[in-house]
1. I'd like the full set of residues that are surrounded by 15 or more Cβ atoms within 10 Å (Cβ to Cβ) and under 11 Å from SER7 (Cα atoms), limited to region 47-57.
2. When residues of region 87-113 are filtered for being of a type in the set (A, V, I, L, M), without any contact (Cβ under 8 Å) to a residue 40 or more places away in the chain and over 15 Å from LEU44 (Cα atoms), how many remain?
3. Would you mind listing the strands (runs of 3 or more DSSP E) fully within region 78-163 where at least 3 residues are open to solvent by less than 50 Å² (accessible area, probe 1.4 Å)?
4. Can you tell me how many residues in region 67-77 are outside any loop (DSSP other than H, G, I, E, B), out of contact with any helix residue (DSSP H, G or I) (no Cβ under 7 Å at 6 or more places or on another chain) and surrounded by fewer than 20 Cβ atoms within 10 Å (Cβ to Cβ)?
5. Name the pairs whose Cβ atoms lie under 7 Å apart, with the first residue in region 45-59 and in contact (Cβ under 8 Å) with a residue 40 or more places away in the chain and part of a strand (DSSP E or B), the second hydroxyl-bearing (Ser, Thr, Tyr) and open to solvent by 10 Å² or more (accessible area, probe 1.4 Å), and 6 or more positions between them or separate chains?
6. Return the pairs, sorted by first residue and then second, in which the second residue is assigned to a loop (DSSP other than H, G, I, E, B) and among the aliphatic types (A, V, I, L, M), the first residue lies in region 148-170 and is in contact (Cβ under 8 Å) with a residue 24 or more places away in the chain, the beta carbons are less than 7 Å apart, and the residues are 6+ apart or on different chains.
7. Against the condition modelled with pLDDT of 80 or more and under 21 Å from LEU145 (Cα atoms), how does LEU67 come out, does it pass?
8. Please name all residue pairs, on different chains or six or more residues apart, with Cβ atoms under 7 Å, provided the first residue is in region 1-14 and is in a loop (DSSP other than H, G, I, E, B) and the second residue is at pLDDT below 90 and open to solvent by less than 100 Å² (accessible area, probe 1.4 Å).
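The values are calculated or read from the model by the stated rules, or taken from the named source; none is laboratory data. Not measured: the values here are computed from a predicted model. Note that each Cβ is placed from the backbone with ideal geometry, even for glycine, and that neighbours are counted across all protein chains shown. When the accessible area is computed, the model is the full protein with side chains, heavy atoms only, and any ligands, DNA or RNA have been set aside. Shrake-Rupley method; radii C 1.70, N 1.55, O 1.52, S 1.80 Å.
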Amino acid sequence: SLWSTISKQFKDTLCSLMVSPSSTSRFTDMVRSTPRGESIARRLSFDGISRLPHLYRFEFDLPESKLVLDQDIQTLAISCPNLEIVKICPLSRWPKPFGSPKVTLAGLALLTGNCRRLHTVHMPFHAFRTDNLSLFDVATSSRSLNWLHVGHSHIEDPLGVSILLSHLTP
């Protein structure tokens, strides 16, 4: 409901949105990332975001809300086509019992395909080679992306992923 309220109230004026944790929350996340720590994460759904045409900067970093899916990235990309900077839980860690990040390279392709001004992305991915090359054609290729920080991403095939990234962000 927070996304819906923000979208309704500030759709014509909101240019930058940054949500970050308190120092206590950061400390708790650091404790959780230790071997004895308990991994807790919830899904961060962007379903409530609607048209925010002036939003150029989107930063969201809450340790407990780091589960972001490709469909959430697609919602963000469609709702905010003028994004230039996207940072979503950039330093999140993904311990083995928790699995890989849920955003894939296909999610990045959705973002670069819809946000033509995008120049900075900081977000962990589950990067694997895919046979669906239609996601990485000229329409999704970004000429503006200068910074791609992938943090604690999981990469299964480094050569295949680097080839796909070179097509996606030449």
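1. Of all residues in region 47-57, those surrounded by 15 or more Cβ atoms within 10 Å (Cβ to Cβ) come to 48-50, 52, 55-57.
Residues satisfying the conditions are GLY48, ILE49, SER50, LEU52, LEU55.
2. Matching residues across region 87-113 total 2.
3. Details: elements: 85-88, 120-122, 147-149.
Filter on region 78-163 gives 85-88, 120-122.
4. Filtering region 67-77 down to residues outside any loop (DSSP other than H, G, I, E, B) leaves 67, 70-77.
Retained after the next criterion (residues that are out of contact with any helix residue (DSSP H, G or I) (no Cβ under 7 Å at 6 or more places or on another chain)): 67, 71-72, 75-76.
In the following step, the residues that additionally are surrounded by fewer than 20 Cβ atoms within 10 Å (Cβ to Cβ) were identified as 67, 71, 75.
Of the residues in that region, 3 qualify.
5. Cβ pairs passing all conditions: ARG57/SER16.
6. What qualifies is GLY151/LEU91; THR169/LEU145.
7. Working: modelled with pLDDT of 80 or more: yes; under 21 Å from LEU145 (Cα atoms): no.
Judged against the criteria, LEU67 is not a match.
8. Listed by first residue and then by second, the contacts come to SER1/GLY48.
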